[in-house]
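The values are calculated or read from the model by the stated rules, or taken from the named source; none is laboratory data. Keep in mind it's a predicted model, so treat the numbers as computed, not measured. As a convention, Cβ positions derive from the backbone with ideal geometry for all residues, glycine included, and neighbour counts pool all protein chains shown.
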Amino acid sequence: MKRRSFIFDIFSVGFATAISSRLNANNLNSSPVIRSISTWNNTKEANLMAGRLLDKGKSSIDAVVEGVAVSENDPKNTTVGFGGAPDSSGKVTLDACVMNHLGDCGSVVAVENIVNVARLAKDVMEKTPHVMLAGKGAEEFALIEGYKKTDLLTEFSKKNWQKWSETKEYSPIINIDNHDTIGMLCIDQNNNISGACSSSGQAYKMPGRVGDSPIIGSGLFIDNKVGGAVATGLGEEIIKTVGSFLVVELMRQGFTPQEACESAVKRIVSNNSQKNRFQVAYIAMNKKGEVGSYSIEPGFTYMDYLNGKNKEIISKSEF
């Protein structure tokens, strides 16, 4: 074979390979993974809403906010939004945060009289120079933006609070009283990940108590180059390890979403005596659309919308 022919053949093969790789990449990009996951099985309708919005081409940030709103509007869900469990004084105060694929984030803390606080957190992110608004300031901002003032305490939640007030003894039941959050992650057709958390906080908490849910890095963290994570459970323990940030950083180091969730949970367990059992759980998603979950105690589940199907997944646990 002549040298010129050999060089031409090598060039042809390389050029064909490059074209083939480019076509394969384009094919991959034309069929992205579209997925929504959310904490706990009482978020079934919320996760379904988010998934369907993603299928229609909505952005991940719009999908998570509208999905979470389904749970916030549901009076039967006593851990989020309207009908959420009050604090020890009988007041319902809500916390929420959102984070988009650009790294922008918004948060609201201790908000009264406003139902859709995840949407309000998004408004803080998009319409103010701030990341977090709290209490009366957050409520006033909401009213300026046209939110309806609503009494969040339903008769059902009020009766439960009155019953609790007779003894004022709080003994949280794992996987019931401790699952006080909806956390949601979505990946859209542009391969962008966003997340949201919304919560009424721990039932009968001390007035002013704030858990992990509105804290960026604890209840939620997104890095669109890597993935995202959300947390649920005993917020004080999640805050101590900046849990959702930790999960994402572990994925950055090469951990799968499942491995990252397991490692973050094990870190909390290693720092605590098992005389006091409590629940903490994480769900995570990477840029490939792969997901993982892990909890301290058994019983944690999450919803997973993929390819038009919305399934309840039982999480693996440490114990």
When (1) modelled with pLDDT of 95 or more; (2) out of contact with any Phe, Trp or Tyr (no Cβ under 6 Å at 6 or more places or on another chain) are applied to N160, the one that fails is (1)
- Looking at segment 51-73, is at least one residue assigned to a loop (DSSP other than H, G, I, E, B), in contact with a strand residue (DSSP E or B) (Cβ under 9 Å, 6 or more places away or on another chain) and under 11 Å from I182 (Cβ atoms)? no
Do the conditions hold for K136, that is, is it on the phi < 0 side of the Ramachandran plot, basic (K, R) and assigned to a loop (DSSP other than H, G, I, E, B)?
-> no
Checking V124, V108 in turn, the sole residue that is outside any strand (DSSP E or B) and crowded, with 24+ Cβ neighbours inside 10 Å turns out to be V124
Result of the Cβ filter at 9 Å on segment 203-226, keeping first residues that are not assigned by TED's automatic domain parsing to the domain that holds V131 and in a loop (DSSP other than H, G, I, E, B) and partners that are surrounded by fewer than 20 Cβ atoms within 10 Å (Cβ to Cβ) and of a type in the set (A, V, I, L, M, F, W, C), at least 6 apart or interchain, is none
Per the list (1) touching a Gly at 6+ places or on another chain (Cβ under 8 Å); (2) over 30 Å from L152 (Cβ atoms), residue check on G219 breaks on (2)
For segment 299-313 the number of residues that are over 12 Å from S36 (Cβ atoms) and either at pLDDT 95 or above or surrounded by 19 or more Cβ atoms within 10 Å (Cβ to Cβ) (or both) is 4
#### Entry: Filter pass, Y294 being touching an Asp or Glu at 6+ places or on another chain (Cβ under 7 Å) and within 27 Å of E45 (Cβ to Cβ)
yes
Scanning segment 39-62 for residues that are aliphatic (A, V, I, L, M) and more than 17 Å from A229 (Cβ to Cβ), the one surrounded by the fewest Cβ atoms within 10 Å (Cβ to Cβ) turns out to be L48
